[in-house]
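These notes concern the structure reproduced below.
The values are calculated or read from the model by the stated rules, or taken from the named source; none is laboratory data. The model shown is predicted, which means the values in this text are computed figures rather than measured ones. With ideal geometry, Cβ positions are generated from the backbone for all residues, glycine too; neighbour counts draw on all protein chains shown. Areas reflect the complete protein model, heavy atoms only, side chains present, ligands, DNA and RNA absent. Shrake-Rupley method; radii C 1.70, N 1.55, O 1.52, S 1.80 Å.
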Amino acid sequence: MKHFTGKGIYGAIAIGEISVFKRHDIKVKRIKIDNPEKELDRLEKAKETALSQLEEIYNKALVEVGEANAQVFEVHKMMLEDEDYSDAISEMIKTQSVNAEYAVATTGDNFAEMFATMDDSYMQARAIDVRDISNRLINCLAGNKSSGRGAGPRPGLIICADDLAPSETVSLDKDSVSAFVTAYGSSNSHTAILARNMNIPAIIGVGKDFLDGVKDGDIAIADGFTGTLIINPDQVTLKDYRQRQEAEAEKKELLQKLKGKENITLDGTEINIYANIGNVENIGSVLLNDAGGIGLFRSEFLYLENKDHPTEAQQFNVYKKILESMGGKKVIIRTLDIGADKQAPYFNLEKEENPALGLRAIRICLTRPEIFKTQLRALYRASAYGNLGIMFPMITSVSEVEEILNICQEVKSQLSSENLPYSDKTEIGIMIETPAAAIISDKLAPLVDFFSVGTNDLIQYTLACDRQNPHIDQFCDTHHEAILRLIEMSAKNAHANDAWIGICGELAADTTLTETFLRMGIDELSVSPGFVLKVREKVREINLGK
């Protein structure tokens, strides 16, 4: 019996056979070619296949992990079509008369190395993406047309790998795979987030030597709670973990009985539990999991899915459908949050040395007011069909909010003059996701109806930790006192000015903090649909009177 320890990503237990993950790696050789045009044609066909595969993976991810987490594959598609990347490959084929596989491999290595050596940790993380799309393209050139890498026909497999790219994670067959374990990785990486949302027990960062200690067919236990991997357990250990596994299954069944129950503590304190989504198609999961409303609809995906700016009519129809489908329940729609890792080519944004701190979100809206006004017109028109809240991201100053309010008033005046109906009850809110917003929340609260804390960015900006960078994972303390103080400060200032406050980042689903948030006075928690009942269960166990 062998033990390995890493970091547990999703709290669950898996028992099954080991399957060592094998990639379709191809040894690329430099081959002199006589017809560059023919090779370029091969490249274009391979690119079409790769794009088709990514679209298939994206659609699979939509169903399993939701729009927000599926977006990484839209980014991969954009990178595959990036002019600099494509031109470098084509030029190498034409000028050096080499085969497409060699040109792709060399360009991929060059770009990955370029990203990896940048000072900005976000750009360093893009090295993994470049390697992923380059490997996919090489496999397509070699005629391997499988968009994913299945785990085989046997159920209950525990996949062991050095690391998994996001596309490899989503491509795992959930009917066959019960868990995965990797030597490397960050708990805040795309892969880890995908695992949590796919409800797959996962252990990462076990160490480079662990693969030498496992082989196909070994019986293993993957404990996602403690981050422990046990190889070939004895009968006593196996029996113990089977009992734990059965207890977890019973607990999941009990969760289903919480549907229709109130989100109320033992002492009578009520809280709203809403859901985060990014597409109309996700509304079914919101209703299925009995969420009280939508606390975050990510409108930027309307822009990322389009080849040009979505029209007012396009946006209006989507927002109207969401509001009508929710039958009067609260729907909070965030205005577009383009920039950083979410790029739409037709915005023609300049490349930035540090995009996470650059022109993104509300900064784009305020510097391109016509785009902003088009979205606001669609939102206000849709407000006549339900209970709408409009939320603005990346706020750092009072002047930004004042300018936003002036534009909102201008849009409402235009709609009135055109005899287009809208709701005067539409709430206005801002995201608290920068330390600046939290610190001046006493100045911001009188201007709005609500705050929503975006903990993912708040953690990143407060701790100066890129959550995609595995090398600083040990420094990215999501429970850091500074983070909790900023949230508590924002809650006090919201309530002092008759505003309510919610949390829509990943910490909202962290049930170890639920009581802390309730004691701070948080009014609403917005989580992925699959976490609604878990948070409700926790809320109903808390007694704030003690």
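Note: relative contact order over the chain, using C-alpha pairs below 8 Å and six or more positions apart, is 16 percent.
Here r is the Cβ-Cβ distance between N59 and D109 and R0 is 22 Å; the resulting FRET efficiency, rounded to 0.05, is 0.15. Using only the C-alpha atoms, the convex hull of segment 185-337 corresponds to 190 Å³ per residue. Here the chain has 48 percent of its accessible surface on carbon and sulfur atoms, given a 1.4 Å probe and all protein chains in place. Once the Cβ-Cβ distance of H471 and L420 is raised to the sixth power relative to R0 = 51 Å, the FRET efficiency obtained is 0.45. Think of the chain as a dipole: +1 on every Lys or Arg Cβ, -1 on every Asp or Glu Cβ, centred on the Cα centre; then among H471, L376, A70, A70 lies furthest on the positive end.
Maximal additional length on extending the N497-A313 stretch stands at 62.7 nm, based on 0.36 nm per residue less the C-alpha distance. By the beta carbon rule, with partners counted only under 4.7 Å, the chain holds these lone Cys residues: C140, C160, C365, C408, C504.
Computed with a 1.4 Å probe over protein heavy atoms only, the accessible area of V20 comes to about 40 Å².
Probing with 1.4 Å while keeping every protein chain in the model, the per residue accessible area of the chain equals 43 Å².
For the chain, the dipole from Cβ point charges (+1 on Lys and Arg, -1 on Asp and Glu) about the Cα centre works out to 1140 debye, to the nearest 20. In plain terms, the bigger the Kirkwood radius, the slower the diffusion; for segment 439-535, with that radius from Cα pairs, at 25 °C and 0.890 mPa s, Stokes-Einstein puts D at 176 µm²/s. Summarising the overall dimensions of the chain from its C-alpha atoms, the Rg and Dmax are 24.4, 81 angstrom. The H on the amide N of N99, modeled in the peptide plane, is under 5 Å from the matching H of I31, I33, each at least 5 residues off or on a different chain.
The trypsin sites (Lys or Arg not before Pro) found in segment 393-485 that occupy coil by DSSP, while having at most 10 further C-beta atoms within 10 Å, are K425. Subtracting the Cα-Cα distance of K546 and A436 from their residue separation scaled by 0.36 nm leaves 36.2 nm. Within the chain, the selection of entire DSSP H helices by a Cα span of 24 Å or greater along the long axis and an average Kyte-Doolittle value of at least -1.0 returns 36-80, 121-141, 398-417. Projected label points at E481 and T512, each 7 Å from Cα along the beta carbon direction, are separated by 1.8 nanometres.
Candidate cross-link partners of K2 among the lysines, defined by an alpha-carbon separation under 23 Å and a same-chain spacing of 8 or more, comprise K22, K208, K215, K239.
D234 contributes an accessible area of around 70 Å² to the protein surface, as traced by a 1.4 Å probe with all chains present.
A simple rule links phi to the HN-Hα coupling: the Karplus curve 6.51 cos²θ - 1.76 cosθ + 1.60 with θ = phi - 60°, which for segment 158-173 gives 10, 7, 10, 8, 5, 6, 10, 6, x, 5, 5, 5, 5, 6, 4, 7 Hz, with x for Gly and Pro. If the chain linking L40 and T5 were pulled fully straight, counting 0.36 nm for each residue of separation and taking away their Cα-Cα distance, it would gain 7.9 nm. Taking every DSSP helix (H) stretch of at least 4 residues in the chain, weighting each as -39,500 (n - 2.57) and dividing the sum by the residue count yields a mean residue ellipticity at 222 nm of -14500 deg cm²/dmol.
Sorted largest first by accessible area at a 1.4 angstrom probe radius, with every protein chain in place, the residues I440, I31, I283 fall in the order I31, I440, I283. In this label model, S52 and D175 are separated by 2.3 nm, measuring between points 7 Å along each Cα→Cβ vector.
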